[in-house]
Amino acid sequence: MHLLLVNDDGIMAKGILAIAQRVSQFATVTVVAPDRQQSATSHSITLHKPLHVDEVDLNLGAGHRAYAVNGTPADCVKLGIGALCPEHPPDLVVSGINAGPNLGLDIIYSGTASAAAEAVLLGIPAIAVSRTGTEPYDYEAAVMVSELLIRKAATHGLPELTYLNVNVPPRRYEDLSGIVITRTGIRKYHNNYDRRVDPLGRTYYWQAGKAIKLHNAPDTDVHAVEQGMVSVTPIHLDFTNGSLLATLHTWELSL
Ligand code: MN
């Protein structure tokens, strides 16, 4: 099995190293990750400047490779599949393990989720994995969950334009309450901006939003993680609101 690993926290992040060390025990690994923090860069790609690729030694052993790219998570997936291993395409792309949750509509902003989305746009199945909670992060449980899902996805496959968004609560593996299939819940943030003044006297703003605790239905990702359960959500990249198609016909639009 050939796995392409990507993240949005940068190639020096502990989460991607933790999963790379594990999966390199049973798969051929190519790591292609941003050279710096790229969280919340969503699905952006780089068009107006060159992309530079530096091979990095992550100590994964013979046969595995790691590259740092001065681009976004989606750039890393496109470049990885299109340029860095075109003769040996990955069987699966794993994005993460992200430091922090990607629950509900976090996936709109998330570079972690968008890297998985880019993979499935390119026809490669993908899993995005996030470790919820706050620092200090321990990735052991999320690594074990990732291995489980990699093996299951390899066995069962995934449908077109679909990736799995996985969130793992901040517990030891033995203390997780289980694993459930969910849909995306609702997560909103206080839109707080810290207003500050820089040494040159200019005002600047630093976004400091905190998630608002909202009631979420029991079948949602947000609820599952609150209960200490691993959440697995199938995300489909068909944005059409199918139920509204018929309603819109009643508008009798014409030109
Ligand atoms: Mn991140």
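Along the charge dipole of region 1-93, pointing to its positive end and built from +1/-1 on Cβ of Lys, Arg, Asp and Glu, which listed residue (Ser39, Ala83, Leu5) has its Cα farthest out? Value computed over the given set: Ser39.
On the beta carbon distance between Thr240 and Asp175, with R0 = 30 Å, the FRET formula returns roughly 0.15.
Need the list of lysines near Lys49 for cross-linking: C-alpha distance under 21 angstrom, and skip anything on the same chain fewer than eight residues off. Partners found: Lys78. Rounded if a/c is under 1.5, else prolate if a/b is larger than b/c, else oblate: which is region 116-255, with a ≥ b ≥ c the root eigenvalues of its Cα gyration tensor? Here region 116-255 falls in the oblate category. Using only side-chain charges placed at the Cβ, +1 for Lys and Arg and -1 for Asp and Glu, the dipole size of the chain relative to its Cα centre rounds to 520 debye. Scoring 225-238, 63-76 by mean Cβ neighbours within 10 Å over their residues and listing the highest first yields 63-76, 225-238. Each of Ser95, Ser110 was scored by other Cβ atoms within 10 Å of its Cβ. Arranged with the fewest first, they read Ser110, Ser95. Looking at the square roots a ≥ b ≥ c of the eigenvalues of the Cα gyration tensor of region 1-103, which shape do they give, rounded for a/c under 1.5, prolate if a/b is larger than b/c, or oblate? It is oblate, given that a/c is not under 1.5 and a/b is not larger than b/c.
Out of Gly242, Gly209, Gly100, any idea which swings most in a Gaussian network model of the chain, alpha carbons joined below 10 Å? Most flexible of the set in this elastic network: Gly242. Measuring nothing but how far apart in sequence close Cα pairs (under 8 Å, 6+ apart) lie, relative to its length, the chain scores a relative contact order of 17 percent.
Taken over the Cα atoms of region 37-150, the convex hull encloses 125 Å³ per residue.
Each residue of region 64-73 was assigned a 3J(HN,Hα) from its phi angle through the Karplus expression (A = 6.51, B = -1.76, C = 1.60, θ = phi - 60°), giving 9, 9, 9, 10, 9, 10, 7, x, 8, x Hz with x at Gly and Pro.
In sequence order, region 240-251 has phi-based couplings of 5, 7, x, 5, 8, 4, 5, 4, 4, 4, 5, 6 Hz under the Karplus curve 6.51 cos²θ - 1.76 cosθ + 1.60, θ = phi - 60°, and Gly or Pro positions carry x.
Taking the Cα centre of region 27-161 as reference, the dipole from Cβ charges on Lys and Arg (+1) and Asp and Glu (-1) amounts to some 200 debye.
Looking only at region 81-122, which residues have a backbone nitrogen under 13 Å from a spot 7 Å from the Cα of Glu135 in the C-beta direction? Residues 99-100 fall inside that zone.
Computed on the Cα trace of the chain, the radius of gyration divided by the Kirkwood hydrodynamic radius gives Rg/Rh = 1.01.
Where a number appears in this text, it was derived from the coordinates with a stated rule and is not lab data. Just so it is clear, the model here is predicted, and its values are computed rather than measured. Counting neighbours? That spans all protein chains shown, and the Cβs are built from the backbone with ideal geometry, glycine included.
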